[in-house]
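Have a look at the structure below before the remarks.
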Amino acid sequence: PCPLVPLSPCPLVHHPPPLPPGPYWDATHFNLHNVKIFTDATPNEQAEILQLCSCGLLEESYFIEKAGMGYMAKMVLLAETTEERMLYALFCGDEASHFAQISRFLPTPEPVGTDKFFLRFLADLIESQDKAVLLFVLQVVLEGWGLSHYRSLAKDCVDKNLSLMLHSFLEDESRHHATGVTLFDRTCVTPSSQQTIIETLASFLQMVQVGPQSVVTAIEKIKGDLSRQQKLKIFTELDTETHSGSRLKLLRSLMSHSNAEIILQQLDQQKSFHPFPPEKCV
């Protein structure tokens, strides 16, 4: 073509927007291969359900890293020594890097996820001025849980680039968690802080006890309103008690520290580590 004439798309040809990336995790990651309403769905419906589930995981990670930046910045201000302040400033850089990397994989620049209980829980928690509460709940428990969570996401991810990115987070998460354990073991926990930690963790653990609610919500968005009996069947097929039970067992092990014996004892008495059966998840 003549170099003096600029090339432009033909106005009569429709150029559709690029398609969003396919689901980053397959049916087995969500245990959907055992759910009849999913296996009976059309291929398009299956892809849409998996897309919603995958986006849900990415958005959750996005908001966790966003909360992590806020937490580390707050701990810079609450630090009692220069060394501690320097450490949290470095950790804040890690969280900012993770946040920026995850953002690249999201289908929208700024997802709206504030209606989710877990995300509201995080936002409320970061408003606390109690250093012992922040340290134990966010850095000891949630950073420890995040380490296992990212490892699982990286292992099962079908996208090589996203898998490598999630795997690259593990070293930072491990360092954040280990530092939190060390600092908490040196912290004097008042009865008031202890009670706040127990109430906060009981609320968080209940979100785990109720099983994979987001997966059932994704099915309902694509298949339409589900009856109580249908939801009960889905939770049963998802093997919700095993799903939640393994996570609760991990969380309990993360709380097993000499400085947290009363916290663990109280949560045990409240049966906070017992997964709910399907009928209590609906």
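Residues Ser192, Ser203, Ser148: which one is polar (S, T, N, Q) and over 24 Å from Leu119 (Cβ atoms)? Even if it seems obvious, please write down each step before you answer.
Details: Ser203 fails: over 24 Å from Leu119 (Cβ atoms); Ser148 fails: over 24 Å from Leu119 (Cβ atoms).
Of the residues listed, the single one that is polar (S, T, N, Q) and over 24 Å from Leu119 (Cβ atoms) is Ser192.
Consider segment 205-250. How many of its residues are over 18 Å from His29 (Cβ atoms), touching a residue at least 24 places away in the same chain (Cβ under 8 Å), open to solvent by less than 70 Å² (accessible area, probe 1.4 Å) and part of a helix (DSSP H, G or I)?
Of the residues in segment 205-250, 6 are over 18 Å from His29 (Cβ atoms), touching a residue at least 24 places away in the same chain (Cβ under 8 Å), open to solvent by less than 70 Å² (accessible area, probe 1.4 Å) and part of a helix (DSSP H, G or I).
Can you run down the residue pairs with Cβ atoms below 6 Å, 6 or more apart or on separate chains, where the first is in segment 182-204 and farther than 14 Å from Phe273 by Cα and open to solvent by less than 60 Å² (accessible area, probe 1.4 Å) and the partner is assigned to a loop (DSSP other than H, G, I, E, B) and of a type in the set (Gly, Ala, Ser)?
none
Can you find a residue in segment 36-45 that is open to solvent by 70 Å² or more (accessible area, probe 1.4 Å), in contact with an Asp or Glu (Cβ under 9 Å, 6 or more places away or on another chain) and part of a helix (DSSP H, G or I)?
Looking for residues that are open to solvent by 70 Å² or more (accessible area, probe 1.4 Å), in contact with an Asp or Glu (Cβ under 9 Å, 6 or more places away or on another chain) and part of a helix (DSSP H, G or I), one finds at least one in segment 36-45, hence yes.
Within segment 22-35, count every residue that is within 19 Å of His243 (Cα to Cα) and open to solvent by 30 Å² or more (accessible area, probe 1.4 Å).
Restricting attention to segment 22-35, the residues satisfying the condition of being within 19 Å of His243 (Cα to Cα) are 25-35.
When the remaining residues are screened for being open to solvent by 30 Å² or more (accessible area, probe 1.4 Å), the result is 26, 28-29, 31, 33-34.
So the answer is 6.
Please state which of the following conditions Ala260 fails to meet, knowing it meets all the rest: (1) open to solvent by 60 Å² or more (accessible area, probe 1.4 Å); (2) modelled with pLDDT under 95; (3) of a type in the set (Gly, Ala, Ser).
Result: Ala260 passes all but (1).
Just the residues that are open to solvent by 10 Å² or more (accessible area, probe 1.4 Å) and of a type in the set (Phe, Trp, Tyr), please, taken from segment 131-170.
Listed by number, the list holds a single entry, Trp145.
Taking the condition within 20 Å of Ser214 (Cα to Cα), touching a Ser or Thr at 6+ places or on another chain (Cβ under 6 Å) and at pLDDT 75 or above, does Pro23 pass?
yes
For Lys280, indicate whether it is under 30 Å from Glu45 (Cα atoms) and open to solvent by 70 Å² or more (accessible area, probe 1.4 Å).
Working: under 30 Å from Glu45 (Cα atoms): yes; open to solvent by 70 Å² or more (accessible area, probe 1.4 Å): yes.
When the stated conditions are applied, Lys280 passes them.
Among (1) modelled with pLDDT of 95 or more; (2) over 15 Å from Leu251 (Cβ atoms), which single condition is Phe136 missing?
Among (1) modelled with pLDDT of 95 or more; (2) over 15 Å from Leu251 (Cβ atoms), the lone unmet condition for Phe136 is (2).
Across segment 105-133, which residue is modelled with the highest pLDDT among those that are among the small types (Gly, Ala, Ser) and assigned to a loop (DSSP other than H, G, I, E, B)?
Residues of segment 105-133 among the small types (Gly, Ala, Ser): 113, 123, 128, 132.
Going one step further and asking which of them are assigned to a loop (DSSP other than H, G, I, E, B), we end up with 113, 128.
Values: Gly113: 52, Ser128: 90.
Here the residue is Ser128.
Starting from segment 260-282, keep only residues that are touching a residue at least 60 places away in the same chain (Cβ under 8 Å), then list their pairs with residues that are exposed (fewer than 14 other Cβ atoms within 10 Å of the Cβ) and charged (D, E, K, R) whose Cβ atoms are within a distance under 9 Å, requiring at least 6 positions of separation or different chains.
Within 9 Å, the pairs are Phe273/Lys249.
The values are calculated or read from the model by the stated rules, or taken from the named source; none is laboratory data. Predicted model, so just to flag it, every value in this text is computed and none were measured. Neighbour counts run over all protein chains shown; Cβ positions are idealised from the backbone, glycine included. Only protein heavy atoms, including side chains, enter the accessible area calculation; ligands, DNA and RNA are left aside. Shrake-Rupley method; radii C 1.70, N 1.55, O 1.52, S 1.80 Å.
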